[in-house]
Amino acid sequence: MADAPRVYRQRERQVDARAEGAPDHLDGLNDEQRLAATASGAPLLIVAGAGTGKTRTLVHRVAHLIETGVRPERILLLTYTRRAAQEMLSRAERLVGSASRSVQGGTFHATANRLLRRFGPAAGLPGDFTIMDQGDAEDLMQIARATLGVAQRNKRFPKKETLQYLYSRHVNTERSLDALLHDEFPAFVDWQKDIERVWGDYTRRKAERNLVDYDDLLLFWALMLDQSPELGARIASMHDHVLVDEYQDTNALQSRILRGLCGANGRLTVVGDDAQSVYSFRGATVRNMLDFPAQFTGARVVTLERNYRSTAPILDCTNALISRASERYSKRLWTARTGGEKPWLVAARDESQQTRFVADRILELHEEGVPLREMAVLFRAGYMSADLEIELARRKIPFDKWGGLRFLEAAHVKDVLAFLRILENPRDEVSWYRILLLMPGIGETTARAAIETMAQLAWDSGAFGRYAPPPRARPAHDALVALLEAMRNATPTDYAQVSADIARVRTMYDELLRDKYDRPEPRLADLDQLQVIAAGYPSRLEFLNAIALEPPQGTQDLAAGGADQEDDVLVLSTAHSAKGREWDVVFVIWAVDGFFPLARAIGDDDQVDEERRLMYVAMTRARNHLFVTYPIHTYGTRRGADYTMDQLSRFLDRGVRETMERVALGDNDATAPPDTSPPAQPVDLRALLRGRFNA
């Protein structure tokens, strides 16, 4: 029997939000919000459920502090983005006037920069330091990597992006390199000492050039607080109150900073929702919220449970979903809104039917008056929307995609498509250049020479085979010649010919991809999806034409109307990128084990818990209508006979399903009538164009 969830229960005295003589800056708050806005004394944790008005509550708390005599310049408001801080301070100004302009607000990194400019010289950091962005940091890491010569060996060594990622994780999570390597990059465990040498050289180079990276900003702030009692006391004395938004998204280093700033006194207020802690891949940890009462002695906890966003049936469903979390704060969201239909749980035969259902329902709701901008389709990872993107483009439904790369703009997808393009058109110089630069031993000089040779041979299909490469490029040249010849001479199949072509390309390309990226799995999943999509086309030419003429992009020129409709676009988004947003209608697709939760998370209880929270985030974005869809079958190719039976996401157990309307889609696919029009008369387009321009 599974362990019972660990639930943190808090009892707080309730107050009357409608008490006579209430100050103006507290008007309109409900009981829980008022309690949070006016609490005094001990450190305060506000557990704000989805849609419960946490921003409003934090704004009113800032206003209340000012109205009760706290000097605005001695209030520090830390937010996840600069825009969030500006919005809160603007709203506070409407409540208490221009005094709120003196409140110190911004992100953790911006605040750290400001403090380091002022106090850094006293701690050995000249105030004129330069901040590197991530790309700069990776390039400097590469210089250190190359200088030490650690990669000049037979065994693979982490690339600069991985070295920088590990460094950032180490700093922000305060986990050892040994633990990070064993958990995330076991293939590099034997390189631990050399990675530490690279980090040492990287650190030396930053110091010599007076450079700091993003992670150093927070680390130096923390070190000033806890390594220099005098300097730490000066920094901590600057503010009487510190308020932190989105506390569930903070990491271990940020929690350490707050302990240094506020100690055990009552100057700290944090607001967040443990049920929406979904950024562990950035170093965030839900433990900051769950352990707050232990880290800050005598802490008070106020829970906001009244939801102003969703209908009651949607809340019943999402409450049931999150109640299965293994560790959480006790809360059950409720709403005063009446009516509303149950969320739909839609079973489709396969991905193709799932896609058609979503597109059909979007058009139906749009005809009923719901703007496209008030609808969103959410998914666990960016590649899961590939089939839908193509269908939306085909139907001229405009959309924007948030999170991840646009599917057909991803470098690895474009690489594979380049192979198909040169088979259809051997003169495609751009695709040749792209492919050649992928090959080991072939650089720009060799690629240019090969292209020049093919041009001299009139771009004959076998021209590349007659090019004589330099010795270092011969193995790659021979392998590419063999692959292209095999693809040209392949026996046509009855179905999925284009998918078969991509499979042949991948016999070479997958290894190149694994060598190029230290974490290739998401990109390999993209290519799996590309194969499935390609299987729906009868020929390479039709497939390439379709994606060239109607690429699935979020362009507003797909809209059927005029300028007034330019902003009326559907949103496609990863669940992560949808956090903090809301729509009238939300579709959550691919609610299948292996997709949501992702397969790589299933073996780890903490990751499964985070995946559950991520599905909760996705489903709580809906105001009025929620549709959760899943395909029963996943086909290796659309026209193939082989398929796997999908298992409905483990998060949608019987108790959750009882709060939903079950819908099974029927088999009502329509087929296009055959083309009976007479054959077209032959025409020479090139000759016509030459005649027009006297060529």
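A search for C-beta distances below 6 Å between a residue of segment 361-372 that is within 11 Å of Asp584 (Cβ to Cβ) and in contact (Cβ under 8 Å) with a residue 40 or more places away in the chain and any residue that is part of a loop (DSSP other than H, G, I, E, B) and not acidic (Asp, Glu), counting only pairs 6+ apart in sequence or on different chains, returns Leu372/Val569. Scanning segment 634-662 for residues that are at pLDDT below 85 and closer than 23 Å to Gly603 by Cα gives Thr634, Thr644, Met645, Asp646.
For Gln134, the requirement of being under 30 Å from Leu163 (Cα atoms) and modelled with pLDDT under 90 is met. The set of residues from segment 97-110 being more than 25 Å from the chain's Cα centre (by Cα) and crowded, with 20+ Cβ neighbours inside 10 Å comprises Ser100, Val103, Gly105.
Evaluate segment 47-60: report whether one residue or more is of a type in the set (D, E, K, R), at pLDDT below 90 and surrounded by fewer than 20 Cβ atoms within 10 Å (Cβ to Cβ). No; the residues of segment 47-60 include none that is of a type in the set (D, E, K, R), at pLDDT below 90 and surrounded by fewer than 20 Cβ atoms within 10 Å (Cβ to Cβ). The residues of segment 261-289 that are β-branched (Val, Ile, Thr) and modelled with pLDDT under 90 amount to a single one, Val278. Looking at segment 79-173, the helices (runs of 4 or more DSSP H) lying wholly inside it that each contain 1 or more residues that are within 30 Å of Ser237 (Cα to Cα) and of a type in the set (Gly, Ala, Ser) sit at 82-96, 108-119, 160-173.
Taking helices (runs of 4 or more DSSP H) as the structural unit, those lying wholly within segment 251-300 and holding at least 3 residues that are touching a residue at least 24 places away in the same chain (Cβ under 8 Å), in contact with a helix residue (DSSP H, G or I) (Cβ under 9 Å, 6 or more places away or on another chain) and farther than 25 Å from His576 by Cα correspond to 252-262. Of all residues in segment 498-544, those satisfying the criterion of being in contact with a Leu (Cβ under 8 Å, 6 or more places away or on another chain) and of a type in the set (Val, Ile, Thr) are Val498, Ile502, Val505, Thr507.
Evaluated against (1) in the same structural domain as Ala37 (by TED's automatic domain parsing); (2) over 30 Å from Asp215 (Cα atoms); (3) among the hydroxyl-bearing types (Ser, Thr, Tyr), Ser255 falls short on exactly one condition, (2).
Those helices (runs of 4 or more DSSP H) of segment 461-545 in which 1 or more residues are closer than 25 Å to Gly382 by Cβ and not assigned by TED's automatic domain parsing to the domain that holds Ala601 occupy 497-516, 521-534. Touching a residue at least 12 places away in the same chain (Cβ under 8 Å), crowded, with 19+ Cβ neighbours inside 10 Å and not assigned by TED's automatic domain parsing to the domain that holds Thr38, is that true of Thr318? So Thr318 fits the description; yes. Checking each residue in segment 491-517 for being farther than 18 Å from Leu420 by Cβ, at pLDDT below 90 and exposed (fewer than 14 other Cβ atoms within 10 Å of the Cβ) picks out Asp494, Asp515.
Within segment 195-216, identify whether any single residue is of a type in the set (Val, Ile, Thr), in contact with a Pro (Cβ under 7 Å, 6 or more places away or on another chain) and modelled with pLDDT of 90 or more, and answer yes or no. Let's see the steps before the verdict.
Within segment 195-216, the first condition is being of a type in the set (Val, Ile, Thr), and the residues that meet it are 195, 198, 203, 212.
Keeping just the survivors that are in contact with a Pro (Cβ under 7 Å, 6 or more places away or on another chain) gives 195.
Applying the additional criterion that residues be modelled with pLDDT of 90 or more yields 195.
Within segment 195-216 (the criterion being of a type in the set (Val, Ile, Thr), in contact with a Pro (Cβ under 7 Å, 6 or more places away or on another chain) and modelled with pLDDT of 90 or more), the answer is yes, since at least one residue qualifies.
Yes or no: Ser330 touching a Phe, Trp or Tyr at 6+ places or on another chain (Cβ under 7 Å), surrounded by fewer than 24 Cβ atoms within 10 Å (Cβ to Cβ) and closer than 18 Å to Leu45 by Cβ? So Ser330 passes the test.
Could you tell me which of the residues Asp183, Asp201, Asp215 is charged (D, E, K, R), surrounded by fewer than 19 Cβ atoms within 10 Å (Cβ to Cβ), in contact (Cβ under 8 Å) with a residue 12 or more places away in the chain and outside any loop (DSSP other than H, G, I, E, B)? From the options Asp183, Asp201, Asp215, the qualifying one is Asp201.
Take the residues of segment 61-98 that are closer than 30 Å to Ala312 by Cβ and touching an Asp or Glu at 6+ places or on another chain (Cβ under 7 Å): which is modelled with the lowest pLDDT? Applying the filter and picking the extreme gives Ala84. For segment 137-184, taking the residues that are over 24 Å from Gln248 (Cα atoms) and small (Gly, Ala, Ser), the one that is nearest to the chain's Cα centre (by Cα) is identified as Ala137.
From the set of residues in segment 333-342 that are assigned to a loop (DSSP other than H, G, I, E, B), free of Cβ contacts under 8 Å to residues at least 60 places away in the same chain and of a type outside the set (Lys, Arg), which is surrounded by the most Cβ atoms within 10 Å (Cβ to Cβ)?
So the residue we want is Thr335.
When the residues of segment 235-250 are filtered to those that are touching a residue at least 60 places away in the same chain (Cβ under 8 Å) and over 23 Å from the mean Cα position of the chain (by Cα), which remaining residue is surrounded by the most Cβ atoms within 10 Å (Cβ to Cβ)? It comes out as Leu243.
One residue alone among Val171, Val150 is closer than 17 Å to Trp191 by Cβ, among the β-branched types (Val, Ile, Thr) and surrounded by 15 or more Cβ atoms within 10 Å (Cβ to Cβ), and that residue is Val150.
When the test is whether a residue is surrounded by 20 or more Cβ atoms within 10 Å (Cβ to Cβ), modelled with pLDDT of 70 or more and in a helix (DSSP H, G or I), Phe587 does not pass it. Given the condition modelled with pLDDT under 90 and acidic (Asp, Glu), answer yes or no: does some residue in segment 363-370 qualify? So far as segment 363-370 goes, no, none of its residues is modelled with pLDDT under 90 and acidic (Asp, Glu).
Against the definition (loosely packed, with under 13 Cβ neighbours inside 10 Å, touching a helix residue (DSSP H, G or I) at 6+ places or on another chain (Cβ under 7 Å) and either among the β-branched types (Val, Ile, Thr) or not assigned by TED's automatic domain parsing to the domain that holds Glu93 (or both)), how does Gly127 come out, yes or no? Judged against the criteria, Gly127 is a match.
May I ask you to verify whether Ala348 is in contact (Cβ under 8 Å) with a residue 12 or more places away in the chain, in contact with a helix residue (DSSP H, G or I) (Cβ under 9 Å, 6 or more places away or on another chain), closer than 19 Å to Val608 by Cβ and among the small types (Gly, Ala, Ser)?
Working: in contact (Cβ under 8 Å) with a residue 12 or more places away in the chain: yes; in contact with a helix residue (DSSP H, G or I) (Cβ under 9 Å, 6 or more places away or on another chain): yes; closer than 19 Å to Val608 by Cβ: no; among the small types (Gly, Ala, Ser): yes.
Considered against the rule, which asks whether it is in contact (Cβ under 8 Å) with a residue 12 or more places away in the chain, in contact with a helix residue (DSSP H, G or I) (Cβ under 9 Å, 6 or more places away or on another chain), closer than 19 Å to Val608 by Cβ and among the small types (Gly, Ala, Ser), Ala348 comes out as no.
The numbered conditions (1) surrounded by fewer than 20 Cβ atoms within 10 Å (Cβ to Cβ); (2) in a helix (DSSP H, G or I); (3) in contact (Cβ under 8 Å) with a residue 60 or more places away in the chain are all true for Tyr616 except (1).
The values are calculated or read from the model by the stated rules, or taken from the named source; none is laboratory data. Here the structure is a predicted model, which is why all the values come from computation and not from measurement. Don't worry about glycine lacking a Cβ; one is built from the backbone with ideal geometry, like all the others, and counts go over all protein chains shown.
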